[in-house]
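The values are calculated or read from the model by the stated rules, or taken from the named source; none is laboratory data. Just so it is clear, the model here is predicted, and its values are computed rather than measured. Reconstructed Cβ throughout: ideal geometry from the backbone, glycine too, with neighbour counts over all protein chains shown. The area values use the complete protein model at the heavy-atom level, side chains included, leaving out ligands, DNA and RNA. Shrake-Rupley method; radii C 1.70, N 1.55, O 1.52, S 1.80 Å.
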Amino acid sequence: MLSSVSLPSTVRIVEVGPRDGLQNEKVLVPTSVKVEFISRLASAGLTHVEATSFVSPKWVPQMSDHKEVMSAVTSLPYPSVSYPVLVPNIKGLQAAVECGAKEVAIFGAASESFSKKNINCSIE
């Protein structure tokens, strides 16, 4: 059994549905629907909602409206909610910052093949 000393005093839960849940949908979800989804999650009391991903539209067409989504969510009436975005590389980070992202999630891979398949990038 774990001792309470080794456990954190708080846990942060990030809702990733607007990004991870929608990115593989075959039919493009309209920007307005994505923003409404995010707004409803925020109004339900969630405090961290991953809004979008700054990836190449060539690889993930569903996220091609990331600039529009970020522009809209930063205007939502929930000042205590954070809207992190996923960025796979420096180019994505730069675009996210330009769009007003205050928080980013990054990802890495343990193997070259996974990294190539997932983000078309080397781990080196």
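Close Cβ contacts (under 6 Å, 6 or more residues apart or on different chains) running from residues in the range 94-114 that are more than 20 Å from H66 (Cβ to Cβ) to residues that are open to solvent by 70 Å² or more (accessible area, probe 1.4 Å) and at pLDDT below 95 comprise A109/I123; E112/I123.
The sole residue among V55, V60 that is in contact with a His (Cβ under 9 Å, 6 or more places away or on another chain), of a type in the set (V, I, T), open to solvent by 20 Å² or more (accessible area, probe 1.4 Å) and at pLDDT below 95 is V55. Mind listing whichever residues of the range 67-97 are closer than 19 Å to V35 by Cα and of a type in the set (D, E, K, R)? The answer is K67, E68. In the set (1) modelled with pLDDT under 95; (2) basic (K, R); (3) closer than 19 Å to C99 by Cβ, K34 fails one condition alone, (1).
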